[in-house]
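Trainee: Quick one: the structure is below, questions incoming.
Any read-out appearing in this document is the output of simple, stated calculations on the displayed coordinates, not a laboratory observation. Just so you know, these numbers come straight off a predicted model, no measurement behind them. As a convention, Cβ positions derive from the backbone with ideal geometry for all residues, glycine included, and neighbour counts pool all protein chains shown.
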Amino acid sequence: NAGVTQTPKFHILKTGQSMTLQCAQDMNHGYMSWYRQDPGMGLRLIYYSAAAGTTDKEVPNGYNVSRLNTEDFPLRLVSAAPSQTSVYLCASSYRGETQYFGPGTRLLVL
Amino acid sequence: GQQLNQSPQSMFIQEGEDVSMNCTSSSIFNTWLWYKQDPGEGPVLLIALYKAGELTSNGRLTAQFGITRKDSFLNISASIPSDVGIYFCGSGGSNYKLTFGKGTLLTVNP
């Protein structure tokens with residue numbers, strides 16, 4: 001099992017550009033989530049999905065997700081802003097409690 | 001939202017020393033999780049606790065789920081240089097969403 005994989009590892013965007021961060025898991029987990037990690041702020045939940053076909057937003061604006069199948073949970077930045085500079089972590093779990101993380105995508109928005 | 005208070009924020013110890021860190025909350029949780037994050041990587045699950053009072057070990061690591069369900073601690077015995085990293089606690093309630101502490105940065109001096 002590869003576990004949770006994320007691409008790209010690092011990316012630089014200009015303000016206003018859009019981008020999709022990829023996340024995939026091969027553990028047949030129903031629950032997937034996206035966090036952002038900023039210095040001194042810990043991990044903040046952005047979006048989660050309890051199962052394929054369902055998503056729930058935790059924070060407003062600037063992000064979009066889709067969950068078309070069990071394996072993939074891409075996160076889209078609609079129009080990037082410097083405030084979205086962060087490390088983005090994707091996680092999956094069987095039910096939502098014990099979550100397993102991917103290696104992260106480091107995003108810099110200029 | 002719910003907050004976890006994790007302490008200490010950072011620790012600087014000598015190789016061979018024991019380490020203790022803890023997380024507390026004003027809310028009751030069903031799950032306590034401990035993760036370690038190395039620089040440039042995603043958090044890796046160390047120990048998962050599911051029952052109040054549960055004490056679980058993973059090699060030199062020991063963690064306990066507090067009786068009140070509002071706290072947990074992680075102990076590392078006989079620290080080694082590769083223990084360096086950021087340790088996070090996470091806790092979950094009935095809604096399957098996790099709340100995380102802000103992390104403890106551990107530095108081990110060889």
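Trainee: Please list 3J(HN,Hα) in residue order for region A:18-24, calculated via the Karplus relation 6.51 cos²θ - 1.76 cosθ + 1.60 where θ = phi - 60°; whole Hz, with x for glycine and proline.
Mentor: Ordered by residue, 3J(HN,Hα) equals 10, 7, 10, 8, 9, 9, 9 Hz.
Trainee: Once you've got the GNM for chain A with C-alpha springs shorter than 10 Å, pick whichever of A:GLN25, A:GLN17, A:GLN99 has the biggest mean-square fluctuation.
Mentor: The residue with the greatest mean-square fluctuation here is A:GLN17.
Trainee: Give me the Kirkwood hydrodynamic radius of region A:50-99 in Å, from all C-alpha pairs, to one decimal place?
Mentor: 12.4 Å
Trainee: For A:LYS9, list the aspartates and glutamates whose Cα falls under 20 Å from its own Cα; do not include residues on the same chain fewer than 8 positions away.
Mentor: Those aspartates and glutamates meeting the cut-off are A:ASP26, A:ASP38, A:GLU71, A:ASP72, B:ASP38, B:GLU41.
Trainee: Now for a separate question. Report the longest stretch of chain A that contains none of the trypsin sites (Lys or Arg not before Pro) sitting in a DSSP loop with at most 15 other Cβ atoms within 10 Å.
Mentor: A:15-94
Trainee: To continue, here is another question. Just for chain B, what percent of DSSP beta bridges are antiparallel, to the closest 5?
Mentor: 90 percent
Trainee: Modelled label-to-label distance, B:ALA78 and A:PHE10, 7 Å Cα→beta-carbon offset: nm?
Mentor: Spacing of the two 7 Å Cα→Cβ label points: 3.7 nm.
Trainee: For region A:20-110, compute the orientation-averaged projected area of the C-alpha convex hull (one quarter of its surface), in nm².
Mentor: 5.6 nm²
Trainee: Turning to a different aspect of this structure: Tell me, what ³J(HN,Hα) does each residue in region A:84-95 have, in order and in whole Hz, if you take phi through Karplus 6.51 cos²θ - 1.76 cosθ + 1.60 with θ = phi - 60° and put x for Gly and Pro?
Mentor: Whole-Hz 3J(HN,Hα) from phi for region A:84-95: 8, 4, 5, 9, 9, 10, 9, 9, 9, 7, 5, 10.
Trainee: Cα gyration tensor of chain B, axes a ≥ b ≥ c as square roots of the eigenvalues: rounded (a/c below 1.5), prolate (a/b > b/c) or oblate?
Mentor: Prolate is the answer for chain B, as a/c is 1.5 or above and a/b outweighs b/c.
Trainee: Run through the DSSP bridge list for the protein assembly as shown and note the antiparallel percent, rounded to the nearest 5.
Mentor: Within the protein assembly as shown, antiparallel bridges account for around 90 percent of the total.
Trainee: Please compute one quarter of the surface area of the Cα convex hull for region B:35-74 and express it in square nanometres.
Mentor: Directional mean of the projected Cα hull area for region B:35-74 stands at 3.1 nm².
Trainee: Leaving out same-chain residues fewer than 8 places away, which lysines sit with a Cα under 18 Å from that of B:LYS36?
Mentor: B:LYS36 reaches B:LYS102.
Trainee: Skipping prolines and chain starts, which residues have an amide H placed within reach, meaning under 5 Å, of the one on A:LEU13, given they are 5 or more residues away or on another chain?
Mentor: A:LEU108, A:VAL109, A:LEU110
Trainee: While we're looking at this one, here's another question. Taking every residue in B:31-41, how many Cβ atoms of other protein chains lie within 10 Å of its Cβ, on average?
Mentor: 3
Trainee: Now for a separate question. What residue among B:LEU45, B:LEU74, B:LEU33 shows peak mean-square fluctuation when chain B is described by a Gaussian network model with Cα springs under 10 Å?
Mentor: Sorting by GNM fluctuation, first place goes to B:LEU45.
Trainee: Given chain A, what percent of its DSSP beta bridges are antiparallel, to the nearest 5?
Mentor: 90 percent
Trainee: Using only the Cα atoms of the protein assembly as shown, build the gyration tensor, take square roots of its eigenvalues as a ≥ b ≥ c, and label the shape rounded, prolate or oblate: rounded if a/c is under 1.5, else prolate if a/b is larger than b/c, else oblate.
Mentor: prolate
Trainee: Please identify, among A:SER18, A:SER93, A:SER49, the residue showing maximal mean-square fluctuation in a Gaussian network model of chain A using a 10 angstrom Cα cutoff.
Mentor: Its mean-square fluctuation being the largest, the pick is A:SER18.
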